[in-house]
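Colleague: First the structure, then my questions, so here it is.
The values are calculated or read from the model by the stated rules, or taken from the named source; none is laboratory data. Model, not experiment: these values are computed from the prediction. Cβ placement follows ideal geometry from the backbone for every residue including glycine, while neighbour counts extend to all protein chains displayed.
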Amino acid sequence: MTDVSENDRRVSALPPAAARAIAFVGVLLGGIAGGVIGYALVDVQCTGDCTLATGLGLFVGAVVTAGGMAIVGVLALRAMGEWHEIRDRERAGHAP
């Protein structure tokens, strides 16, 4: 068996699993919040039988908000990767 030191670790662009899990949970929570807001906005404005309209408000609110949170999550994970790359370069003695 060979020992793998910290300097010999495989280079990967993947962020840590915990960071990806946090981003995933953030997208889910954002989608839930957006769905509740979309439902509430349509429910306040509608009178009578509004099941289709409130359902569409819920769906559109959830999808739009989850999509926005996904974009923010991807940008945050990419920034983390760049920060790690800069830190690794500085440790190796290279300019940033």
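Colleague: Which of the residues belonging to region 46-96 are polar (S, T, N, Q) and farther than 20 Å from Val36 by Cβ?
Modeller: Thr47
Colleague: For region 81-96, what are the residues that are in contact with a Pro (Cβ under 7 Å, 6 or more places away or on another chain) and within 19 Å of Ile22 (Cα to Cα)?
Modeller: Hit for region 81-96 is Gly81, nothing else.
Colleague: Of the residues Ala79, Ala66, which is in contact (Cβ under 8 Å) with a residue 12 or more places away in the chain, surrounded by 11 or more Cβ atoms within 10 Å (Cβ to Cβ) and in a helix (DSSP H, G or I)?
Modeller: Only one candidate qualifies: Ala66.
Colleague: Looking only at region 71-96, which residues are more than 15 Å from Pro15 (Cα to Cα) and touching a helix residue (DSSP H, G or I) at 6+ places or on another chain (Cβ under 6 Å)?
Modeller: Within region 71-96, Pro96 is the sole residue that qualifies.
Colleague: I'm trying to understand the selection: among the residues of region 42-63, which are of a type in the set (A, V, I, L, M, F, W, C) and touching a residue at least 12 places away in the same chain (Cβ under 8 Å)?
Modeller: Residues satisfying the conditions are Val42, Leu56, Leu58, Phe59, Val60, Ala62, Val63.
Colleague: For region 31-51, which residues satisfy the criterion of being of a type in the set (Val, Ile, Thr) and more than 24 Å from the chain's Cα centre (by Cα)?
Modeller: Matches in region 31-51: Val42, Val44, Thr47, Thr51.
Colleague: Another one. Sort out which residues of region 61-80 are under 17 Å from Ala17 (Cβ atoms) and either modelled with pLDDT under 85 or among the aliphatic types (A, V, I, L, M) (or both), and write them in order of number.
Modeller: Val74, Ala76, Leu77, Met80
Colleague: Related question: If I go through region 1-48 residue by residue, how many of them are modelled with pLDDT of 85 or more and in a helix (DSSP H, G or I)?
Modeller: Final tally of qualifying residues: 29.
Colleague: Follow-up. Given (1) on the phi > 0 side of the Ramachandran plot; (2) modelled with pLDDT of 95 or more, where does Leu56 come up short, assuming only one miss?
Modeller: It fails just one condition, (1).
Colleague: Another question about this same structure. So which residues in region 49-63 are within 30 Å of Leu77 (Cα to Cα) and either outside any helix (DSSP H, G or I) or among the charged types (D, E, K, R) (or both), if there are any at all?
Modeller: none
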